[in-house]
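Undergrad: Quick one: structure below, then a few questions.
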Amino acid sequence: MSSTWHVLGAGSLGSLWATRLARAGLPVRLILRDAARLAAYEASGGLTLVEQGQAHRFAIPAQTVDAAEPITRLLVACKAYDAHAAVAQLLPRLSADAELILLQNGLGSQDAVAALLPSARCIFASSTEGAFREADWRVVFAGHGFTWLGDVAQPLPPPWLEDLAQAGIPHEWNTQILTRLWRKLALNCAINPLTVLYDCRNGGLLDHHCEVATLCAELTELLQCCGQPAAAEELHNEVQRVIQATAANYSSMYQDVAQGRRTEISYLLGYACAAAARHHLSLPHLEQLRERLATHLANHGLPVD
Ligand code: NAP
C-alpha cells in the first residue's frame, strides 16, 4: 500500500498530478490555503480533469495547512515564489524523514525549501507537461509531456516511482537533474522575457535573432562558469529550434503578464543574473534584459520579483 500523497497547491500542475494519482486508486490529500478555500473546494464536489475534451471529477479529500495529519510525502505544486512560505507552514506536520517532490520551474526555490528541512529528502522535478486552470478546481490537460525527477544528494531512485507509472505520469529518474533545470532556465531566459517585451508569440523572435544569439552567448558563458557545461552545449541551436517549433505559442511568462499574474522572474532571469554576479561575471545584455523586464512589469502594476 502506497503511503499518502499530500499535494500542496491545487492549481494547474497540482491538480493534474492529484487527479491522475487518485484515478489510479492511490491515496491523495489536497492541502489548501485556508478554511475559505476548503469550503469552496468542498462545495464544488471535487477536482475536475479535462482531458481530450472529456471532463471527469474526482472527489479527492482535502484539508487545510493546519490539519493534524502527519505528512511523509509532499508534492509541492505552488509557484516558485510561494513554495518556501507554504512548506514552512507545514513543518510541524512533516516527519523527519519526509520526502518532498518540488515541481517548481526555475532555480532557487528548491534550495530555499530544502534548507527548511535538512533531514528530509528533496526531489527536484522538471516537467514539460502543460495544464491550465479553466476555473477553480477544474484543470485542462493542455500538453502531454514528460517529467524528470532527481535528487542532487542521492542517486538512488525512490520506490514510489512505481506510483507514477501506475498513474500514467510519464517520468524518468535523472541523476543530472540540476543540468536539466539549468538548461530549461537558460531556454526560458533566452525566449520568455523577449516575448513579453516585444509583445509577440515565440515565433516573433525570428525577427530578433541577433538579440537572441547575443543572449545565448552570455547564457552559455554563465552555464560554463556555474559548472554546468552539459547544459550549455548547443544552447543557441536548441533555442532556435524551440522558437521555430513553438512559433504559434505564447510563452508562459507572456501569458502570466497578459493575465495580470505575478511572474517567476526571480527564479529564472533574476536567478541567472544573481548567479553571474556571484561569479563576478559581466553579462551586460542579460542584466539589461532583466532591467527592461522589471521596468515593463512595474509599468503593468506587477511585482518585479
Ligand atoms: P498555479 O496554477 O498558480 O497553482 C499554484 C497553486 O498553489 C494555487 O492553487 C495556489 O492556491 C497554491 N498555493 C499557493 N500558496 C499556497 C499555500 N500557502 N497553501 C496552499 N496552497 C497554496 O501554478 P501552476 O501553473 O500549477 O505552477 C506550479 C509550478 O509548476 C510553477 O513553478 C510552474 O512554473 C511550474 N510548471 C507549471 C506548468 C503548467 O503547465 N502549469 C508546467 C511546468 C511547470 P490558490 O488556488 O488558493 O491561489
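Undergrad: Hey, for a label at residue 245 modelled as a point 7 Å past Cα toward Cβ, could you say which residues of segment 215-237 have their backbone N under 16 Å away?
TA: Counting backbone N atoms under 16 Å from the label point, the list is 233-237.
Undergrad: Which translational diffusion coefficient, to the nearest whole µm²/s, is obtained for segment 1-60 from the Stokes-Einstein equation, given a Kirkwood hydrodynamic radius over C-alpha pairs, 20 °C and 1.002 mPa s?
TA: Translational D for this selection: 181 µm²/s.
Undergrad: Please find the FRET efficiency linking residue 259 to residue 144, where r is the Cβ-Cβ separation and R0 is fixed at 25 Å, and quote it to the nearest 0.05.
TA: For residue 259 and residue 144, the calculated efficiency is 0.60.
Undergrad: To continue, here is another question. Taking every pair of alpha-carbon atoms in segment 179-299, what share in percent sits in each 10 Å bin, from 0 to the bin with the longest distance?
TA: Using 10 Å bins, I get a P(r) of 14, 49, 33, 4 for segment 179-299.
Undergrad: Continuing with this model, one more query. Give me the angle, in degrees from 0 to 90, between the Cα long axis of helix 12-23 and the longest principal axis of the Cα atoms of the chain, rounded to the nearest 10.
TA: For 12-23 against the chain, the angle is about 40 degrees.
Undergrad: Return the equivalent ellipsoid semi-axes of the chain as a descending list in whole Å, where each equals the square root of 5 times an eigenvalue of the C-alpha gyration tensor.
TA: 33, 22, 18
Undergrad: Out of the total accessible area of segment 179-299 (probe 1.4 Å, heavy atoms of protein only), what percent is carbon and sulfur?
TA: The value for segment 179-299 is 49 percent carbon and sulfur by accessible area.
Undergrad: Output ³J(HN,Hα) for segment 46-55: one whole-Hz value per residue in order, computed from phi by the Karplus curve 6.51 cos²θ - 1.76 cosθ + 1.60 with θ = phi - 60°, and x for Gly and Pro.
TA: 3J(HN,Hα) across segment 46-55, in whole Hz: x, 9, 9, 10, 9, 10, 6, x, 9, 9.
Undergrad: How high is the FRET efficiency from residue 287 to residue 51, r the C-beta distance, R0 41 Å, rounded to 0.05?
TA: The calculated FRET efficiency here is 0.45.
Undergrad: Sticking with this structure for a sec: Which value, in debye to the nearest 20, gives the size of the charge dipole of the chain about its Cα centre, when Lys and Arg are +1 and Asp and Glu are -1 at the Cβ?
TA: Once rounded to the nearest 20, the dipole reads 520 debye.
Undergrad: Here is a follow-up. Can you give the helix-only mean residue ellipticity at 222 nm for the chain, where every DSSP H stretch with n ≥ 4 adds -39500 (n - 2.57) and the sum goes over all residues, rounded to the nearest 500 deg cm²/dmol?
TA: -13000 deg cm²/dmol
Undergrad: Follow-up. Okay, which of segment 219-236 sit inside 16 Å, backbone N to the point 7 Å along the Cα-Cβ direction of residue 213?
TA: Only 219-220, 234-236 fall inside the zone, counting backbone N under 16 Å.
Undergrad: Using Cα atoms only, what is the angle between the long axis of helix 209-225 and the major principal axis of the chain, expressed in degrees (0 to 90) to the nearest 10?
TA: With both axes taken from Cα atoms, the answer is about 70 degrees.
Undergrad: Right, another one. Mind listing the long-range amide H neighbours of residue 32? Cut-off is under 5 Å, sequence gap 5 or more, other chains count too, H placed in the peptide plane at 1.01 Å from N.
TA: Residues meeting the criterion, in which the H sits 1.01 Å from N, are 63, 64, 65.
Undergrad: Related question: Please name which of 101, 25, 36 has its Cα lying farthest along the dipole of segment 5-175 towards the positive end, using unit charges on Cβ (Lys, Arg +1; Asp, Glu -1) and the Cα centre as origin.
TA: Looking along the dipole axis, the top candidate is 36.
Undergrad: If you count only protein heavy atoms with a 1.4 Å probe, what accessible area per residue comes out for the chain, rounded to a whole Å²?
TA: 45 Å²
Undergrad: Give the angle, between 0 and 90 degrees and rounded to the nearest 10, that separates the Cα long axis of helix 269-278 from the longest principal axis of the Cα atoms of the chain.
TA: The angle comes out at about 70 degrees.
Undergrad: OK, next. Per residue of segment 235-242, in order, report the coupling 6.51 cos²θ - 1.76 cosθ + 1.60 (Karplus, θ = phi - 60°) as ³J(HN,Hα) in whole Hz, putting x for Gly and Pro.
TA: 4, 4, 4, 5, 4, 4, 4, 5
Undergrad: Express the carbon and sulfur contribution to the solvent-accessible surface of segment 5-175 as a percent, rounded to the nearest whole number, probe 1.4 angstrom.
TA: 54 percent
The values are calculated or read from the model by the stated rules, or taken from the named source; none is laboratory data. What you are looking at is a predicted structure, and each value in this text was computed from that prediction instead of being measured. Neighbour counts are summed over all protein chains in view; Cβ atoms, including those assigned to glycine, are modelled from backbone coordinates with ideal geometry. Heavy atoms of the whole protein, side chains included, go into the accessibility calculation; ligands, DNA and RNA do not. Shrake-Rupley method; radii C 1.70, N 1.55, O 1.52, S 1.80 Å.
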